[in-house]
Every structure is written in C-alpha cells, then in structure tokens.
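Notes to accompany the following structure.
A short reminder: the numbers here are calculations on the coordinates, not readings from a lab. The structure presented is a predicted model; accordingly, all values stated were derived computationally and were not measured. When we count neighbours, we look across all protein chains shown, and the Cβ atoms used for this are built from the backbone with ideal geometry, even at glycine.
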Amino acid sequence: MAGSGPDLQLTTPGQRDSIRPMKLEDEVKAPTGSDILPQTEVDYPPEADAPMPNNLRFVMFGVLVVGVLGILVFGYSRQTSVKPPAVPTGSNCKDPVTENRLRETLKQSPNDFTTLVDWGSYNLSCEKNYAIAVAAYKQATILADDSATSTAEPAERNEAHFRLGLAYLYNLNYKEAQAQFELLVQEDPKNTSALLALSAALAKDDPAKAETYLTQLINIAPADSEIGKQAKSLLDDLKKRPAK
C-alpha cells in the first residue's frame, strides 16, 4: 500500500455509475475502470423461520464481529480527546447537504486532513461505501504521518489510522486492517479499542492470536464496560468455533 496518495472517489446522490475520482495531490481526472472499486456486502443470518444451514455458527460469528465493529465506529473518539466527525450518524444518515459540503470542500482543498476524515466517516457510516472510505482515510493517514507538514494532533492521527483499519475490515481487507490496528497497539498496548478491533480482524484467519489479544483486553478493560462485554462475548464465541 506504499506510494503516493490514492484516488479519492466522490459520489453524488443516486449517481453511483458516474463516480468522479479526485487525484488528491493533483487535478481532477476522468475515471477509469481500475479507479472504481467494488463494494463488498456483508452476509447476514437467515430469517428465523428459514431452515438452519450447517454453517450457521460461522454466519452468526460474522454477525457478532459486525456488531463489534458497529460499536467501535463511533466509540474510538469517546476513548480519546478527538471530537466525533462532523457528519450525521444513525442507520439512515445519508444527507445531500453534508455530502455536497464535503465534496465541494475537497475540490478546493483535497489535502485537508479534517475534511478527509469527515468524508471517510460519511462513506463508512452513511453511504456504506467502504472503498471510498478507505481512500479518504488512507490519504488522511499519509498527511498525518508526514511529521514535516502535518497539522494533525497525535490523537487525530491515531484516530485516522483506527478508522482506516475499520474501513479495511468492513471491506474485508483483513491483512490491511490488522496492520493499522497492530500499529496502534504497538504504540499503546492499553488501547482497548485497537485491541478489540485487532481481535476482530484476526478472528477469521488466526483465532488463536485473536484469543490472546482478547484475553489481554479483558484483563485491562472494566468488565461492565461495553468494550469489556464485547471482548468477553467474542472470546466465548471463538472458543466455541469448531477447529479447522
């Protein structure tokens, strides 16, 4: 993932087929096939009256991980001094006014750290367009990690990396998500949000390592906290999974 900043794709309401990408360091250019990344859907469990499939436990485990992510999306800023993104929240938070404001701001200032984070949050939470969220957060982390020019505070830089990890995880880019969360855990082993997110990212491919991080998290998080409860629930479910 090294190199220059990614193409940031900006959408207008109801115009998914006319995505207009923006080269963040350069000028606006016409979209190409490689610029438009597919959005990945999450499989949810069947209706209650449907026949129970043999792999229901794996489906339910996936839903549990998605639930963990839902808590983490807006929980990180409460753990730190970072203000929540200036975008709507909720299950149906699409807002043309907010979208147009962010789009116009990025046209004028494509390397504005705060707007990039807000644009990523809008696409992550409202549009459910995880590829665009990844592009926005990734450019924000590139800017924040440049010590010579960055205006972001350390907590803001960490939040950008955390949200990039979440966007990767929602987009099922597990390895990339793990790298973001591992960076935060290495810098702060008591970062409970990063520990929980890292465990969720590892749960599919390396459940033993995920259990190690969850145990570490349970030892430092209050048992009655939301993160503590989710860590215990995820750990219990991991232990019930059939061995590969």
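Ratio of Rg to Rh for the stretch 142-244, alpha carbon only, Kirkwood?
With Rg and the Kirkwood Rh in hand, the quotient comes to 1.02.
Tell me, in nm to one decimal, what length is gained between Asp145 and Asp237 on full extension, where the rule is 0.36 nm per residue of separation less the Cα-Cα distance?
The Asp145-Asp237 span can extend by a further 29.5 nm.
Explain nothing, just the number: dipole magnitude of the stretch 89-244 about its Cα centre with +1 on each Lys and Arg Cβ and -1 on each Asp and Glu Cβ, in debye rounded to the nearest 20.
620
How large is the charge dipole for the stretch 145-184, taken about the Cα centre, if only the Cβ atoms of Lys, Arg (+1) and Asp, Glu (-1) carry charge, to the nearest 20 debye?
In total the dipole reaches around 180 debye.
May I ask you to compute the full-extension gain from Thr212 to Lys107, defined as 0.36 nm times their residue separation minus their alpha-carbon distance, rounded to one decimal in nm?
33.4 nm
Report, in listed order, any pair from Lys94/Lys190; Lys175/Lys229; Lys94/Lys209 with a Cα-Cα distance greater than 32 Å.
Lys94/Lys190; Lys94/Lys209
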